[in-house]
Amino acid sequence: MSEVKFSKEHEWITLEGDVATIGITKHATEMLGDIVFAELPEKGSNVEKDGTAGVVESTKAASDVYTPVSGEVVDTNQSIVDDPAKINEDPEGGAWFFKLKIKDTSELDNLMNKEEYDKFAKETSS
Amino acid sequence: MEIKKTSLNKLHQINHAKFVEFAGYEMPIQYSKGIIEEHKFTRSNSGIFDVSHMGQLFIYGDESLTEELEKIFPLDLKNLKQNCSKYSFLMNEDAGIYDDLIITKIEDGYLIILNAACKDKDFEILSNLLGSKFKMNLDNNRSLIAIQGPKSVEILNSIINGVDQLNFMTGNWFDSDNQKLFVTRSGYTGEDGFEISIPNDKAEKFVENLIEKGAQLIGLGARDTLRLEAGLCLYGHELDINKTPVEANLRWAISKSRLSNGGFIGSKKIMNQMQDGASQIRVGIKPEGRLIAREKTKIFNDTDKQIGEITSGTFGPSVNGPIAMGYVDKEFSKVDTKILLEVRGKKHPANICALPFYKKNYVKGVN
């Protein structure tokens, strides 16, 4: 599996072959607070880089989930729809959002690595 | 304008509050445990709320003040006993609501608790209506602390002996640590609890004392989910200048004895609406599934006609599901009516339901 990469919209992405797994970062969940609702893209649908691919809602507000790369949705994580609190518990592990079959792996090139993202998250939240 | 801070600001910081600006004040939206845990702690134990941003208006006077206030509020103040409180409204001639409030008859006049965002305007309106005949004091030297939840009575009584003898919606002056505190058994969470009016310089120590006895600080976020579960209105959401108490389904707050003769501001409109009914009315709404419908969500019937709008919507931690309130056309206001909510371009099924979502635990008669 590839190195974890991060977007400025606080998504993480890993790549295995041409299938990417995408979720939201721990930092994002800390900013959102208790997550009580998740909506995922439909399996078989196509999503575009930087487009909306889902929604999470905390007790306070709704936030869009974006996809950092384009592709076809090949799997979604129903367990976070049934129990959204899982997203707070394990955001960068078991609480992944969706998997995409991607066409253009170069779309990952401009994303941040862990060190860059941690710095970015720290700067933007203060 | 510089943001205002309450006397408890430092204590909020020490307790890792996340702050938001609310009505010109820096207020804690939540602490480190988060809204859901804070909400559940209040329901099972005892939560402390800093509501010092709210207005504490003392108006001093005798029977002539009671007479003047009856021209303003739809209440039977003449028969209100000393130390008893009533929920009421400040309205315009069209019965539009300037503010909702709690008024308590005290020994030398009245104490009115006003919403933070409305208090300065309320003071201006009431000053104009009452003239200079009565001394009025919107007291900035006092903080207001609410303590809510089943363990609150035991905790507060261990600090202020005798508060356990208060009935719901009554209050009294108590001496504590050589200070005069006005304590009412009231609140806005659907739980038994108290509100304590205390001099600013004593507030921090008082709250530290409550924390030592086992209560915890709770932010405005949980205050909102608690009041929504209890089916209580929030000014600026369920209530505003374009809504009347009848439309807001708050007829119970209007004293029956005042409905026959009127004589208060807005009485004509109220009496007409009581007779003919209002065209739209506030209802409880439960979305099916987990979907959350926020404020401004449009409500439709099954033939695609818009019939209303959501005014507050969130996830109810004790209900363990989404809850909302809103206004719908009268013919759709019956419990169990099926409606549709438009969220992110799609219509989702929901039902009109009875309020409150969560059953109240008020203490009605201790003595």
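Quick notes on this structure:
- Within straight-line cross-link reach of B:Lys5, aspartates and glutamates at Cα separation under 16 Å, skipping those fewer than 8 residues along the same chain: B:Glu21, B:Glu26, B:Asp50, B:Asp139, B:Asp201, B:Glu204
- Only DSSP H runs of four or more residues enter the estimate; each adds -39500 (n - 2.57), and after division by the residues of chain B the mean residue ellipticity at 222 nm equals -6000 deg cm²/dmol.
- Where N is the number of residues in region A:5-125, Cα Rg divided by 2.2 N^0.38 Å: 0.98
- Burial of 30 Å² or greater, region A:13-39 residues [accessible area, probe 1.4 Å, versus chain by itself]: A:Asp34, A:Val36, A:Phe37, A:Glu39
- Highest GNM mean-square fluctuation among B:Arg258, B:Arg290, B:Arg227, for chain B modelled with Cα contacts below 10 Å: B:Arg290.
- Per-residue average of Cβ from other chains inside 10 Å of B:177-189: 0
- Interface residues, region B:279-305 - accessible area loss of 30 Å² or more versus chain alone, probe 1.4 Å: B:Arg290, B:Ile292, B:Arg294
- Full extension of the chain segment joining B:Ser260 with B:Asn79 gains 63.6 nm, where the gain is 0.36 nm per residue of separation less the Cα-Cα distance.
- Rel. contact order, % - alpha carbon contacts under 8 angstrom, at least six apart, region B:124-273: 18 percent
- Tail fraction, Cα-Cα pairs, region B:56-136, threshold 20 Å, whole percent: 23 percent
- Loop-resident GluC sites (Glu not before Pro) (DSSP state other than H, G, I, E or B) in region A:1-86 with no more than 16 further Cβ atoms inside 10 Å of their Cβ: A:Glu3, A:Glu9, A:Glu42, A:Glu48.
- With a 10 Å cut-off around each Cβ of A:53-59, the average count of Cβ atoms from other chains is 5.
- For the segment B:314-322, counting C-beta atoms of other chains within 10 Å of every residue's C-beta and taking the mean gives 3.
- Computed about the Cα centre, the dipole magnitude for the protein assembly as shown is approximately 1540 debye when only Lys and Arg (+1) and Asp and Glu (-1) carry charge, each at its Cβ.
- Restricting the calculation to Cα atoms, chain B shows an Rg/Rh of 0.96 when the hydrodynamic-style radius is the Kirkwood one.
- Spread over its residues, the convex hull of the C-alpha atoms of the protein assembly as shown is 157 Å³ per residue.
- Calculated Rg and Dmax of region B:190-284 using C-alpha coordinates, Å: 18.8, 54
- Accessible-area composition of the protein assembly as shown, carbon plus sulfur, in percent [1.4 Å probe]: 46 percent
- Relative contact order of chain B: 18 percent, from C-alpha pairs under 8 Å at least 6 residues apart in sequence.
- Computed over chain A with a Gaussian network model linking Cα atoms closer than 10 Å, the most mobile of A:Ser106, A:Ser45, A:Ser70 is A:Ser106.
- In range of the label at B:Ser132: residues from region B:32-63 whose backbone nitrogen is under 20 Å from the point 7 Å along Cα→Cβ: B:58-62
- Nitroxide proxy distance, nm - points 7 Å out along Cα→Cβ at A:Asp109 and B:Asn200: 6.0 nm
- Look at the alpha carbon pairs under 8 Å that are at least 6 residues apart: their mean separation over the length of region A:5-125 gives a relative contact order of 31 percent.
- Projected-area mean, region B:116-201, by convex hull of Cα positions, square nanometres: 7.0 nm²
- GNM on chain B, alpha-carbon springs under 10 angstrom: the most fluctuating residue among B:Arg251, B:Arg142, B:Arg344 is B:Arg344.
- Among beta bridges that DSSP assigns inside the protein assembly as shown, antiparallel share in %, nearest 5: 95 percent
- Cα pair distances of region B:258-313 binned at 10 Å [whole percent]: 19, 34, 24, 19, 4
- Contour excess over end-to-end distance, with Cα ends at B:Trp173 and B:His237 and 0.36 nm allotted per residue: 19.8 nm
- Separation of region B:236-261 from region B:308-356 is 21 Å, based on Cα centroids.
- For B:Lys135, the lysines whose Cα falls under 23 Å of its own Cα, not counting residues fewer than eight places away in the same chain, are B:Lys71, B:Lys78, B:Lys81, B:Lys86, B:Lys105, B:Lys119, B:Lys121, B:Lys180.
- Annotation: per residue accessible area for the protein assembly as shown equals 45 Å², rounded to a whole number [probe 1.4 Å, protein chains only].
- Residue-averaged 222 nm ellipticity for chain A, from DSSP H runs of 4+ at -39500 (n - 2.57), nearest 500: -6000 deg cm²/dmol
- With Rh defined as the Kirkwood radius, the inverse of the mean 1/r over Cα pairs, the Rg/Rh of region B:279-353 is 0.92.
- Interface A:B - total buried accessible surface [probe 1.4 Å, Å², rounded to 100]: 1300 Å²
- Label-point separation, A:Glu3 to B:Lys359 (7 Å along Cα→Cβ), nm: 5.9 nm
- Region A:15-60 and region B:51-126: distance between their alpha carbon centers, rounded to Å: 49 Å
- Normalising the Debye intensity of region B:161-214 to I(0), with uniform scatterers on Cα atoms only, and taking log10 at q = 0.13 Å⁻¹ returns -0.32.
The values are calculated or read from the model by the stated rules, or taken from the named source; none is laboratory data. These numbers come from a predicted model, not from an experiment. Note: ideal-geometry Cβ built from the backbone for every residue, glycine included; neighbour counts use all protein chains shown. Keep in mind that these areas ignore ligands, DNA and RNA; they rest on the heavy atoms of the full protein, side chains included. Shrake-Rupley method; radii C 1.70, N 1.55, O 1.52, S 1.80 Å.
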